[in-house]
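Novice: Pasting in a structure now, in structure tokens, and then I'll have a few things to ask.
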Amino acid sequence: MCTDEGLSALLAADQGLLHWRAARRLGGDMGLAEHAVQETLLRAWRSCATYDPDKGSVRTWLLSIERNVLTDIARMRAVRPAETSWDELVDADTRWAGPDFTDALTDGLLVAELLAVLPPAQRDAVVQVILCDRAYQDVAADLGVPVGTVKTRVHYALRSLRRLPLGA
């Protein structure tokens, strides 16, 4: 990954996703979205030696870097907001503005895709223990299995998810 070829492969695989997320988060500003993607790749290149495949896929690592870049851009914009006239503020209809759900949607799709590769027993254990934040004892009682079995299912599920290749 820390080579020109590795970065090219990473860019080919994830540039569209990175640009889409940046454009959505930055209100459709395509120039600023392109800047965010470039900054993301630059930070990834500079810190590629710190990437640990045991902690997650390259895509997850890259999306985390992009999230930090987008947060930095939002902070920068908050300190130096764009010039807006009073008339534009008064005329703006904000009644229909809602929270940006795209990050949650993207994360949800990624989680669903990852869960789909697990065997049903492991998937059920992960969903109940991690996603629903339930105690091992409660999940074991509902499933009618020992607590150790639930812990083992979660352990092996997470281990197999960490080992998935980038394109999985």
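Novice: Simple spin-label model, 7 Å along Cα-to-Cβ: Arg162 to Cys132 in nm?
Specialist: It works out to 2.5 nm between the two label points.
Novice: Another question, then. Net charge around Asp54, counting only other residues with Cβ within less than 14 Å of its Cβ (Lys, Arg = +1; Asp, Glu = -1)? Let's see the in-between values first.
Specialist: On the way: positive: Lys55, Arg159, Arg162, Arg163; negative: Asp52.
Around Asp54, the surrounding residues sum to +3.
Novice: Sticking with this one: Based on alpha-carbon positions alone, could you give the equivalent ellipsoid semi-axes of the stretch 31-80 from the gyration tensor, as √(5λ), descending, whole Å?
Specialist: Equivalent ellipsoid of the stretch 31-80: 23, 11, 9 Å, largest first.
All of the numbers you see were taken from the coordinates with simple rules; none came from a lab. Fair warning: this is a prediction, and the values are worked out from it, not measured in the lab. Here the Cβ is made from the backbone with ideal geometry for all residues, glycine too, and neighbour counts use every protein chain on show.
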